[in-house]
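The structure appears below as structure tokens.
Throughout, read-outs are computed from the coordinates displayed, never taken from laboratory work. This structure is a prediction, so every number in the text was calculated from the model and none was measured. Here Cβ is always computed from backbone atoms with ideal geometry, including for glycine, and neighbour counts include all displayed protein chains.
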Amino acid sequence: MDNPDVEAHYSRGNLASILFRALEETGLDPNNLHPDDLAPVDEFHIRGQEATRELIELAGFGPEDHVLDAGCGIGGPARHLAQQCGCRVTGLELTREYCHLASDLTAKVGLDQRVEFQEGDATAMPFGDQAFDGIWTLHMSMNVANKDRLYAEMRRVLRPGGRLAMYEIVAGPGGAVHFPVPWARSPAISHLASAEDLRSGLEARGFRERYWGDVTEPATSFFTAMLERARQEEPPPLGLHLVLGPDMGEMANNMLRNLEEDRIRVVQLVMEG
């Protein structure tokens with residue numbers, strides 16, 4: 001997945017300065033933050049912290065575990081996981097700007113002793129075999145063209161019996177996706193698998209299913225509520241528009257349309273290695 005087009009899609013170039021200015025506008029001190037202060041902007045997936053908490057409960061990671069967050073963004077879920085479970089978390093992120101900002105924010109909330117970040121490609125992970133007790137992903141596989149290589153790397157770095165928890169957007173039966181969407185402004189970097197292909201691909205690499213759930217309905221409700229708020233209110237100083245940029249509104253409209261037309265679906269799953 002070492003693709004400059006993917007990094008270009010996510011990079012803003014000045015995201016750190018944009019974010020810290022927004023924090024100050026909300027009355028927060030960027031040097032004296034609590035992890036929850038960042039939730040409006042660093043939980044970069046459908047349903048935000050609510051979905052993160054659900055995945056934490058499903059995954060069942062504990063304080064002795066070392067967990068890999070593959071495709072960690074600016075680190076919100078990794079920090080949430082470490083804070084709630086007491087585990088050690090390593091985030092792997094392709095986008096350099098995200099990786100650097102994730103490290104900076106983690107230090108500012110005082111979690112840098114338990115959470116670290118490394119720039120790298122999830123299809124060629126810079127880690128040894130069986131390095132992690134658990135792995136989780138939240139909306140990262142959509143940009144990965146070589147799914148089998150991703151699944152093989154996950155299996156390689158996970159210890160035997162370790163758990164893989166995923167919260168992913170998958171292709172639905174309704175046809176081609178309307179673009180732009182948060183993970184791609186065109187089909188060139190969008191590589192959705194169907195739920196069936198996701199399951200069979202993981203099983204082919206030796207993973208065993210422990211839980212599978214479809215959460216498309218709450219995802220649809222999330223975007224319906226988001227767009228209703230957008231019609232009635234100005235955007236808050238701190239929000240996902242800082243990360244997504246000026247076309248966030250169009251992306252949100254397309255997400256709702258894609259969900260309603262069954263072009264995409266959303267799943268939660270836990271597999272055992």
Report task. Using R₀ = 22 Å, calculate the FRET efficiency as 1/(1 + (r/R₀)^6) where r is the Cβ-Cβ separation of residue 145 and residue 203; round to 0.05. Result -> 0.65
**Report entry** Relative contact order for segment 1-156, counting Cα pairs under 8 Å that sit 6 or more residues apart, in percent
**Finding:** 25
Query raised in the report: Based on Cβ point charges of +1 for Lys and Arg and -1 for Asp and Glu, what charge dipole magnitude is obtained for segment 1-139 about its Cα centre, in debye rounded to the nearest 20?
Result: 180
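Which of rounded, prolate, oblate describes segment 1-43, given a ≥ b ≥ c as roots of the alpha-carbon gyration tensor eigenvalues and a/c under 1.5 marking rounded, otherwise prolate only if a/b is larger than b/c?
prolate
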Query - segment 137-196, relative contact order [Cα under 8 Å, separation at least 6], % - result: 50
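Can you tell me what share of the DSSP beta bridges in the chain is antiparallel? A percent to the nearest 5 is fine. Write down the numbers at each step before the final one.
Details: 17 of 37 bridges.
Restricted to the chain, the bridges split so that about 45 percent are antiparallel.
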Requested in this report: Mind grabbing the base-10 log of I(q)/I(0) for segment 4-272 at q = 0.08, 0.11, 0.15 Å⁻¹? Debye formula, identical points on the C-alpha positions, no solvent, two decimal places.
Outcome: -0.29, -0.57, -1.14
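Could you state the per residue volume, in Å³, of the convex hull enclosing the Cα atoms of segment 46-124?
In segment 46-124, the Cα convex hull volume per residue is 92 Å³.
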Report task. Would you calculate, for the chain, the mean residue ellipticity at 222 nm contributed by helices, counting each DSSP H stretch of 4 or more residues as -39,500 (n - 2.57) and dividing by all residues, to the nearest 500? Result -> -12000 deg cm²/dmol
Query raised in the report: With point charges of +1 on the Cβ of Lys and Arg and -1 on the Cβ of Asp and Glu, referenced to the Cα centre of segment 56-158, which listed residue (126, 110, 142) lies farthest in the positive direction of the dipole?
Result: 142
Query raised in the report: Relative contact order (percent) for segment 4-272, with alpha-carbon contacts under 8 angstrom and 6 or more residues of separation?
Result: 22
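For segment 158-247, with only Lys/Arg (+1) and Asp/Glu (-1) charged at the beta-carbon, what is the dipole magnitude about the Cα centre, in debye rounded to 20?
Values: 9 positive and 11 negative charges, 90 e Å.
In total the dipole reaches around 440 debye.
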Report summary line: Under 5 Å from the placed amide H of residue 121, counting only residues 5+ away or on other chains, we find none
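For the chain, what is the charge dipole size about the Cα centre, in debye to the nearest 20, if Lys and Arg each add +1 at the Cβ and Asp and Glu each add -1 at the Cβ? Walk me through the numbers on the way to the answer.
Working: 25 positive and 43 negative charges, 92 e Å.
Using only the charged Cβ atoms, the result is roughly 440 debye.
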Query raised in the report: Per Stokes-Einstein, at 4 °C and 1.567 mPa s, what whole-number D in µm² s⁻¹ belongs to segment 112-184, with the Kirkwood radius over Cα pairs as the hydrodynamic radius?
Result: 92
Query raised in the report: Can you list the trypsin sites (Lys or Arg not before Pro) in segment 74-121 that are in a DSSP coil and have 14 or fewer other beta carbons within 10 angstrom?
Result: none
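Based on the alpha carbons, how large is the Rg to Rh ratio for segment 150-255 when Rh follows Kirkwood? Each step should come with its number before you reach the end.
Values: Rg = 17.0 Å, Rh = 16.4 Å.
Rg/Rh: 1.04.
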